[in-house]
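The values are calculated or read from the model by the stated rules, or taken from the named source; none is laboratory data. What you see is a predicted model; the values in this text were computed from it and never measured. Glycine also receives a Cβ, built like all others from the backbone with ideal geometry; neighbour counts cover every protein chain displayed.
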Protein chains: 2
Amino acid sequence: MIFRQLFEPVSSTYTYLLGCEDTGQALLIDAVLPTWQRDLEELNKLGLKLAYTLDTHIHADHITAARKLKMETASRIAHPAADNLACVDMSLQENKPFELGSIRIDPLFTPGHTDGHHAYCVNGRVFTGDALLIDGCGRTDFQNGDAPTLYRSVREKLFALPEDTLVYPAHDYKGRRVSSIGQEKARNPRLGGDKPLAEFVKIMQELKLAYPKFIDYAVPGNLKCGVCPTGVPEDLQQYCEQIGDSLQG
Amino acid sequence: MIFRQLFEPVSSTYTYLLGCEDTGQALLIDAVLPTWQRDLEELNKLGLKLAYTLDTHIHADHITAARKLKMETASRIAHPAADNLACVDMSLQENKPFELGSIRIDPLFTPGHTDGHHAYCVNGRVFTGDALLIDGCGRTDFQNGDAPTLYRSVREKLFALPEDTLVYPAHDYKGRRVSSIGQEKARNPRLGGDKPLAEFVKIMQELKLAYPKFIDYAVPGNLKCGVCPTGVPEDLQQYCEQIGDSLQG
């Protein structure tokens with residue numbers, strides 16, 4: 001399998017490119033609107049054709065490139081069925097493996113950051129979205145997020161994967177790129193070791209994070225699989241800037 | 001390829017198990033004497049037969065299990081030719097790939113921590129020994145170590161690998177298990193970014209590390225591919241404790 005980890009610096013999002021050497025087909029996990037051209041250039045360089053975009057969840061910090069890439073390449077939009085989006089071409093759910101050439105993806109229902117969140121397991125790697133980050137996890141205070149639910153998703157589902165499974169998160173804000181299930185089980189300060197549920201809930205309650213600055217544009221845009229809403233204030237234009245008028249919703 | 005990352009807690013060493021699914025043969029990179037039985041149990045569980053042990057260099061902090069495992073399983077001892085050890089069955093060098101079933105290992109001459117140090121590249125992974133650690137590197141003040149040499153090994157050879165290459169170090173003292181070349185290039189505090197040679201040399205000069213407590217036993221023992229020397233003081237017995245009399249040299 002051809003594999004690339006790509007980085008979108010405005011929202012510190014990792015986009016993952018997975019390509020099948022046999023068929024020349026590729027998919028992107030968590031592609032971000034401002035970097036859709038970079039993603040296509042990478043695919044072109046590798047001689048791959050984009051077949052699908054997948055998102056792990058409805059993002060609140062950026063707009064997915066799913067719709068834009070579909071317009072540009074006729075790729076299909078795959079997304080967790082749990083989110084029940086009308087714009088989706090292919091619904092994903094746990095226990096229903098999704099295959100693209102020789103790539104097999106096993107969706108894993110991992111709610112808690114959002115109520116529809118899924119991780120994707122692919123041959124020794126798990127793309128954990130915002131459920132599990134390196135030494136951290138996504139916040140649980142928006143989009144029907146729920147700390148006890150996230151605790152169970154991480155500890156009962158993700159931590160049940162083999163220890164050497166590589167953890168590829170949707171974000172890192174310190175330049176870290178990869179971890180493993182064994183590493184997170186041992187030293188994730190929020191969810192690792194023998195951390196009890198009550199302590200995790202307390203940690204999440206006390207984070208006192210700022211209101212997400214782009215959420216009021218990102219969520220409605222992502223409910224439409226990647227429309228950049230009108231009226232985005234000037235200081236947030238960089239979240240949409242490269243898309244052109246065609247995607248203004 | 002079957003892959004396991006194993007940990008030896010006395011010296012905080014990672015031992016890597018690589019197995020070929022087609023032939024059932026396996027090799028171990030940097031196996032450690034006190035955990036030789038654990039390693040064999042792991043191989044047995046996986047239904048693999050140990051064919052080779054490889055060391056990245058002559059270790060100063062632990063004794064290799066190469067000789068003990070050879071005695072127990074008839075495995076062969078592979079080691080960098082640069083170290084010119086009489087006890088070695090198979091000499092490894094850069095530009096001479098070593099194959100075991102479907103596993104192909106490309107040794108990479110990476111001196112600086114020791115003068116004979118090699119990393120091993122295996123299909124998207126690099127086992128970096130003590131040349132490159134996660135957010136760090138091995139010391140350069142013993143065993144013909146040399147900071148400018150290590151700087152060149154890391155930046156010109158290891159950092160020339162594809163960014164998504166997984167970095168598996170020989171040690172970590174904080175429970176981290178895996179990184180990538182892209183991550184280390186971007187954020188290794190000693191060797192990443194645009195760190196100039198002079199600054200790296202200064203960092204290494206100013207580390208003021210203690211004299212390695214086991215070096216006077218480990219180096220002579222490892223020059224014989226893993227003999228536990230006689231006269232190890234009581235407080236260091238845990239480095240040899242599980243080997244029995246047969247390996248007392």
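Here is how the numbers come out for the structure above:
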quantity	calculated
Scan of region A:57-77 for residues that are over 12 Å from A:Cys225 (Cα atoms) and crowded, with 23+ Cβ neighbours inside 10 Å, ordered by number	A:Ala60, A:Ser75
3 or more residues within 30 Å of B:Leu207 (Cα to Cα) and under 14 Å from the mean Cα position of the chain (by Cα): qualifying strands (runs of 3 or more DSSP E) within region B:72-177	B:103-109, B:118-122, B:125-129, B:166-169
In region A:144-181, the residues that are aliphatic (A, V, I, L, M) and within 10 Å of chain B (Cβ to nearest Cβ)	A:Leu166, A:Val167, A:Val178, A:Ile181
Boolean, B:Arg125 is in contact (Cβ under 8 Å) with a residue 40 or more places away in the chain, among the basic types (Lys, Arg) and either touching a Leu at 6+ places or on another chain (Cβ under 8 Å) or away from every other protein chain (no Cβ under 14 Å) (or both)	yes
Index of the failed condition, B:Cys228 passing every other in (1) crowded, with 19+ Cβ neighbours inside 10 Å; (2) hydrophobic (A, V, I, L, M, F, W, C); (3) over 20 Å from the mean Cα position of the chain (by Cα)	(3)
Every residue from region A:25-45 that is part of a helix (DSSP H, G or I) and in contact (Cβ under 8 Å) with a residue 24 or more places away in the chain	A:Leu33, A:Pro34, A:Thr35, A:Trp36, A:Gln37, A:Arg38, A:Asp39, A:Leu40, A:Glu42, A:Leu43
Count of residues meeting criterion [touching a strand residue (DSSP E or B) at 6+ places or on another chain (Cβ under 9 Å) and either surrounded by 15 or more Cβ atoms within 10 Å (Cβ to Cβ) or hydroxyl-bearing (Ser, Thr, Tyr) (or both)] in region B:188-217	4
Residue among B:Val10, B:Val88 that is surrounded by fewer than 19 Cβ atoms within 10 Å (Cβ to Cβ), at pLDDT below 95 and among the aliphatic types (A, V, I, L, M)	B:Val10
Of residues in region A:182-209 being in contact with a helix residue (DSSP H, G or I) (Cβ under 7 Å, 6 or more places away or on another chain) and under 24 Å from A:Ser11 (Cα atoms), the one farthest from the other protein chains (Cβ to nearest Cβ)	A:Met204
